[in-house]
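Visitor: I have a structure here, written as structure tokens, and I will follow up with some questions on it.
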């Protein structure tokens, strides 16, 4: 009788995960525990805001993401071991006892830890994304029974190119050269040098991920290594539940801003949007470790571009239209204005000026109302931050790249039918209209943490804003007509 080859690969194995407290990390931990019979998962967790590793892990397991696992395996917690440390520290900041444990026990490593901030300076990004990766690789070289190391990068690590193959690209400056420049430079000098250092990359984050891929390539040879590049990761498709997410990233944050009424206009052209549901992404990641260890020729470093456009394309414009249709069905109690995100095909000087006028005139009005209620005015400041963030994100939404994903297809073809059902990552199985119909519902439920029982109250709130909006529009029209009438006289 046929068995799951991938599950068999993980049987009684010990897995080490960095970045386990992040969006991808949580889903990876849940899927491994529920779908394989591994022995232990060691999760690298740093102390944060006064919380230690154990307490942070406990908070992770309180998420609704783990409800299905709790029902199926009530004692799953015994398989997860938190180890206190941080990737950018020497030896990951591990205690001698924890380091010895990992060296003697770990078979599979998933390195997900990364800074994904578009705002972080180059020094911070280098320390976490490049130096951190070097530190993890150094530890891996000491592991006695390591079978495979998978580095999670991003499909946009080489977004300075128009066509991206499944290979590691050289950077104009080697990461060692960048490190030396950063060490010799002051903070102010780094800020001034950053545009020259990153060159044609759209931002510092993607540049740092390209450097990190070179770190991985140079560290290969001692054990099987693979690089996994997911596109923009969005809420779950179906597994373990529909439309779950706790991440404010990619297109999800645009939808959140629209649902909460912070933005009313967004420019979205008809380029393909590279988006992949997180459950399919994690299934592909889990399969990649098996594939690298069991099937790949290690003379060539295997790279997996996990993207959507080659197999199941959707445009930025289509994505936003389909999700925004559900704003009125699933409004939020936290909305500050009418959730009515209008999608524009292109941005011109006149539309940009009108959009800014609309957003800031409304923000000033709302802050005026807050002052009348003796509340701190924060809508204008919030609008400035949101519009700046959107400006940084729009590059990835409105640019298009040609991705190859042959390694993904070949991996899929090597899987048997049991594994294709158990670890499905075929993007063709995602029906975009059906999936996006519940996108806003999931955002309200899991990201904003609002029960569906609050819908009547939220809808009443939106109606009040709509009434105020209609009154203000009538006033603007009357003022405009009055000005025209006075000029005619």
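Visitor: Tell me, please, whether a residue that is at pLDDT below 95 and either crowded, with 19+ Cβ neighbours inside 10 Å or under 20 Å from residue 23 (Cβ atoms) (or both) can be found in segment 98-112. Before the answer, list the steps.
Guide: In the first step, residues of segment 98-112 are kept if they are at pLDDT below 95; the result is none.
Taking every residue of segment 98-112 in turn, none turns out to be at pLDDT below 95 and either crowded, with 19+ Cβ neighbours inside 10 Å or under 20 Å from residue 23 (Cβ atoms) (or both).
Visitor: Any residue that is farther than 27 Å from residue 8 by Cα, modelled with pLDDT of 95 or more and outside any strand (DSSP E or B) - is there at least one of those in segment 278-298?
Guide: Just the residues of segment 278-298 that are farther than 27 Å from residue 8 by Cα, to begin with: none.
No, there is no match, as no residue in segment 278-298 is farther than 27 Å from residue 8 by Cα, modelled with pLDDT of 95 or more and outside any strand (DSSP E or B).
Visitor: Output the number of residues of segment 69-83 satisfying the condition of being within 19 Å of residue 21 (Cβ to Cβ) and either at pLDDT below 95 or surrounded by fewer than 17 Cβ atoms within 10 Å (Cβ to Cβ) (or both).
Guide: Our first condition is that a residue be within 19 Å of residue 21 (Cβ to Cβ); within segment 69-83, this holds for 69-70, 76-77, 79-83.
Filter once more, keeping what is either at pLDDT below 95 or surrounded by fewer than 17 Cβ atoms within 10 Å (Cβ to Cβ) (or both): 70, 77.
So the answer is 2.
Visitor: If you don't mind, there's one more thing I want to ask. Suppose we keep only residues that are part of a loop (DSSP other than H, G, I, E, B) and more than 28 Å from the chain's Cα centre (by Cα) within segment 74-99. Which one would you say is nearest to residue 47 (Cα to Cα)? Spell out how you get there, then give the answer.
Guide: Of the residues in segment 74-99, the ones part of a loop (DSSP other than H, G, I, E, B) are 74-75, 85-89, 94-95.
Restricting the remaining residues to those that are more than 28 Å from the chain's Cα centre (by Cα) gives 74-75, 95.
Numbers: 74: 26, 75: 25, 95: 14 Å.
Looking at residues that are part of a loop (DSSP other than H, G, I, E, B) and more than 28 Å from the chain's Cα centre (by Cα), I get 95.
Visitor: Could you look through segment 29-50, keep only residues that are more than 29 Å from residue 232 (Cβ to Cβ) and touching a helix residue (DSSP H, G or I) at 6+ places or on another chain (Cβ under 8 Å), and pick out the one that is modelled with the lowest pLDDT?
Guide: Residues of segment 29-50 more than 29 Å from residue 232 (Cβ to Cβ): 37, 39-40, 47, 50.
Imposing the further condition that a residue be touching a helix residue (DSSP H, G or I) at 6+ places or on another chain (Cβ under 8 Å) reduces the set to 37, 39-40, 47.
On the way: 37: 95, 39: 97, 40: 98, 47: 87.
Ranking the qualifying residues of segment 29-50, first place goes to 47.
Visitor: Filter segment 34-45 for residues that are crowded, with 20+ Cβ neighbours inside 10 Å and farther than 19 Å from residue 98 by Cβ; which is farthest from the chain's Cα centre (by Cα)? Steps first, please.
Guide: The first filter runs over segment 34-45 and keeps only residues crowded, with 20+ Cβ neighbours inside 10 Å, leaving 35-36, 41-45.
Of the ones still in play, those that are also farther than 19 Å from residue 98 by Cβ are 35-36.
Numbers: 35: 23, 36: 25 Å.
The qualifying residue farthest from the chain's Cα centre (by Cα) is 36.
Visitor: Looking at 467, 472, 436, 443 in this structure, which one is free of Cβ contacts under 8 Å to residues at least 40 places away in the same chain and either assigned to a loop (DSSP other than H, G, I, E, B) or out of contact with any strand residue (DSSP E or B) (no Cβ under 8 Å at 6 or more places or on another chain) (or both)?
Guide: Details: 472 fails: free of Cβ contacts under 8 Å to residues at least 40 places away in the same chain; 436 fails: free of Cβ contacts under 8 Å to residues at least 40 places away in the same chain; 443 fails: free of Cβ contacts under 8 Å to residues at least 40 places away in the same chain.
Within the list 467, 472, 436, 443, the selection yields 467.
Visitor: Got a sec? Which of 71, 54 is over 29 Å from residue 237 (Cα atoms) and part of a helix (DSSP H, G or I)? Please lay out each step first, then the result.
Guide: On the way: 71 fails: over 29 Å from residue 237 (Cα atoms).
Going through 71, 54 in turn, just one is over 29 Å from residue 237 (Cα atoms) and part of a helix (DSSP H, G or I): 54.
Visitor: State all residues of segment 53-64 that are surrounded by 13 or more Cβ atoms within 10 Å (Cβ to Cβ) and in contact with a strand residue (DSSP E or B) (Cβ under 7 Å, 6 or more places away or on another chain); if no residue qualifies, say none.
Guide: Hits for segment 53-64 are 53, 56, 57.
Visitor: Pick from 454, 383: which is at pLDDT 95 or above, touching a helix residue (DSSP H, G or I) at 6+ places or on another chain (Cβ under 9 Å) and either assigned to a helix (DSSP H, G or I) or over 30 Å from residue 165 (Cα atoms) (or both)? Walk me through how you get there before you give the answer.
Guide: Values: 383 fails: at pLDDT 95 or above.
Exactly one residue qualifies, and that residue is 454.
Visitor: Looking only at segment 1-28, which residues are part of a helix (DSSP H, G or I), under 15 Å from residue 116 (Cβ atoms) and out of contact with any helix residue (DSSP H, G or I) (no Cβ under 7 Å at 6 or more places or on another chain)?
Guide: Answer for segment 1-28, where residues must be part of a helix (DSSP H, G or I), under 15 Å from residue 116 (Cβ atoms) and out of contact with any helix residue (DSSP H, G or I) (no Cβ under 7 Å at 6 or more places or on another chain): just 25.
Visitor: Moving on to the next point. Based on what the data block shows, is residue 301 touching a helix residue (DSSP H, G or I) at 6+ places or on another chain (Cβ under 7 Å), assigned to a helix (DSSP H, G or I), more than 24 Å from residue 330 (Cβ to Cβ) and in contact (Cβ under 8 Å) with a residue 40 or more places away in the chain?
Guide: On the way: touching a helix residue (DSSP H, G or I) at 6+ places or on another chain (Cβ under 7 Å): yes; assigned to a helix (DSSP H, G or I): no; more than 24 Å from residue 330 (Cβ to Cβ): yes; in contact (Cβ under 8 Å) with a residue 40 or more places away in the chain: yes.
So residue 301 fails the test.
Visitor: Would it be correct to say that residue 60 is closer than 28 Å to residue 445 by Cβ, in a helix (DSSP H, G or I) and in contact with a helix residue (DSSP H, G or I) (Cβ under 7 Å, 6 or more places away or on another chain)? Steps first, answer last, please.
Guide: Details: closer than 28 Å to residue 445 by Cβ: yes; in a helix (DSSP H, G or I): yes; in contact with a helix residue (DSSP H, G or I) (Cβ under 7 Å, 6 or more places away or on another chain): yes.
Yes.
Yes or no, residue by residue, for (1) exposed (fewer than 15 other Cβ atoms within 10 Å of the Cβ); (2) under 30 Å from residue 163 (Cβ atoms); (3) free of Cβ contacts under 8 Å to residues at least 40 places away in the same chain; (4) more than 20 Å from the chain's Cα centre (by Cα):
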{"residue": "321", "(1), (2), (3), (4)": "yes, yes, yes, yes"}
{"residue": "327", "(1), (2), (3), (4)": "no, no, no, yes"}
{"residue": "346", "(1), (2), (3), (4)": "yes, yes, no, yes"}
{"residue": "352", "(1), (2), (3), (4)": "yes, no, yes, yes"}
{"residue": "358", "(1), (2), (3), (4)": "yes, no, no, yes"}
{"residue": "371", "(1), (2), (3), (4)": "yes, no, yes, yes"}
{"residue": "387", "(1), (2), (3), (4)": "no, no, no, no"}
{"residue": "393", "(1), (2), (3), (4)": "no, yes, no, no"}
{"residue": "397", "(1), (2), (3), (4)": "no, yes, no, no"}
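Visitor: Are there any pairs, at least 6 apart or on different chains, whose C-beta atoms fall under 6 Å, with the first in segment 151-170 and at pLDDT below 95 and the second part of a strand (DSSP E or B) and surrounded by fewer than 16 Cβ atoms within 10 Å (Cβ to Cβ), and if so, which?
Guide: If the second residue must be part of a strand (DSSP E or B) and surrounded by fewer than 16 Cβ atoms within 10 Å (Cβ to Cβ), no pairs are left.
Visitor: Check whether at least one residue in segment 475-485 is in contact with a helix residue (DSSP H, G or I) (Cβ under 6 Å, 6 or more places away or on another chain) and either modelled with pLDDT under 95 or in a loop (DSSP other than H, G, I, E, B) (or both), and report yes or no.
Guide: Residues of segment 475-485 in contact with a helix residue (DSSP H, G or I) (Cβ under 6 Å, 6 or more places away or on another chain): none.
No: zero hits.
The values are calculated or read from the model by the stated rules, or taken from the named source; none is laboratory data. Computed from a prediction, not measured in an experiment: that's the story for all the values here. Virtual Cβ from ideal backbone geometry, glycine too; neighbours counted across all protein chains shown.
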